[in-house]
């Protein structure tokens, strides 16, 4: 049976029900731990994000969508103040720790959940040593979305760490082989199984 | 073995290699067919997008990132002119047709790839009848990203069609059960297999 809901049905949903519903609507999402560091206290911060997306390949640009009035505020502040953050793909081996970073801690989530910070000379922010695919980003542009107060920050890729055997001849990264997982809604985690790659489409 | 690339390595990549590489970096992506219609000729248009993301739950807002200088230009024009588009989750049963919509046709991609347009009274744009999860969007705000000329358009959800047995008690939509698939890079399609759902995280 097909169910049909209109805008008014969504407006009348209970808050938590609506959050679950709308967050699942767009489909599967990327799953990254975003690492940052405070500019003066040097306290590291780690937060799980499903709102990370490709903006462009040349130059290589990646966007992160922030909710300024909710938990991951430190991430946005640290990213803005230091100019750097890291993206770390989540694998099944530490998905529970990744999820747990969304709790409110008053000390570093690295320590709280038991993941290991790793620093590189090209990026001021900490990486997650356990992650097989790691990306350093440098702050480029902030776009404020007036409709709901969210903030899109676009960063440029300063470096990438990845398993050598996951980088294919044509530049494609086999992230499934690298163990990267995906998520849906606010709390559902999924492995993937490849169906196929398709050639460039022509009429 | 871990491979390490810095920004300069990415700049020096051959174009197609870099496109494959950078498009895979962020992780798994949502996969939707975006349906639109021309305001005067009424020609329908269908294009596959992996750049569709959740912007907010209340009000329910969804963003689509457009490259104005490439193939799916008609989608942006039609969406802007009519004020409506549809999102249609892709299932494995028609992923080849979905991919094929990225070829340049001078007539409707519905006809070209063999998918069926379906209209609802709440939305001017055509849905894909074959898709199990369908969302109608109304144009709300356009943000131009100066860094690379891409355009983020945010729409509000006007209606949703979904399988009744995929809507759980807490509002979560089991999109894996609905058959929705995910993608990585520009051309790799993947089924999913749930690892688990986790409760709201507390310290």
At a Förster distance of 51 Å, what's the computed FRET efficiency of residue B:119 paired with residue A:195, Cβ-Cβ distance as r, to 0.05? 0.95
Listing A:166, A:123 by rising number of other beta-carbon atoms within 10 angstrom, fewest first, gives A:166, A:123
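With the cut-off at 27 Å, report for the protein assembly as shown the share of all Cα pairs above it, as a whole percent. Kindly include the intermediate steps, with their values, before the conclusion.
Working: 38203 of 82215 pairs.
Above the 27 Å cut-off, the protein assembly as shown has 46 percent of its Cα pairs.
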Ascending list, in nanometres, of distances separating the residue A:164 label from those of the other copies (7 Å, Cα toward Cβ): 5.7
Measuring from a point 7 Å out along Cα→Cβ, what nm distances, shortest first, does residue A:114 have to its partners in the other copies? 5.2
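List the relative contact order of chain B as a percent without decimals, with contacts defined as Cα pairs under 8 Å and 6+ residues apart.
Dividing the mean separation by the residue count of chain B yields 23 percent.
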Count, for each residue of B:154-162, the Cβ atoms from other chains sitting within 10 Å of its Cβ, then give me the mean as a whole number. 5
Once the convex hull of the C-alpha atoms of region B:34-152 is built, how many Å³ does it hold per residue, rounded to a whole number? 110
Give the residues of region B:79-98 whose amide nitrogen is closer than 19 Å to a point set 7 Å from the Cα of residue A:2 in the direction of its Cβ. B:85-95, B:98
Per q in 0.12 Å⁻¹, report the Debye log10 I(q)/I(0) for chain A, using one uniform scatterer on each alpha carbon and no solvent. -0.66
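Using 1/(1 + (r/R0)^6) with R0 = 22 angstrom and r between the beta carbons of residue B:15 and residue B:77, what's the FRET efficiency to the nearest 0.05?
According to the calculation, E is roughly 0.25.
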Provide an ascending nm list, one decimal, of label-point separations from residue A:3 to the equivalent residue in each further copy; define each label point as 7 Å from Cα along Cα→Cβ. 4.4
The value for region A:106-186 (convex hull of the alpha-carbon atoms, volume per residue, Å³) is 180
What's the center-to-center distance, using Cα atoms, between region A:1-47 and region B:170-203 in Å? 13
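Divide by every residue of chain A the summed helix terms, -39500 (n - 2.57) for each DSSP H run of at least 4, and state the resulting mean residue ellipticity at 222 nm, rounded to the nearest 500 deg cm²/dmol. Each step should come with its number before you reach the end.
Values: 5 runs with 37 residues, N = 203.
It comes out at -4500 deg cm²/dmol, rounded to the nearest 500.
May I ask you to sort A:106, B:187 by Cβ crowding, counting other Cβ atoms within 10 Å and putting the fewest first?
On the way: A:106 7, B:187 18.
Final ranking by Cβ density, sparse to dense: A:106, B:187.
Bear in mind these aren't lab numbers, they're just calculated from the coordinates by the rules spelled out. On a predicted model such as this, the values are computed, not experimentally measured, just so you know. Methodologically, a virtual Cβ is constructed for each residue, glycine included, from the backbone with ideal geometry; neighbour enumeration extends over all protein chains shown.
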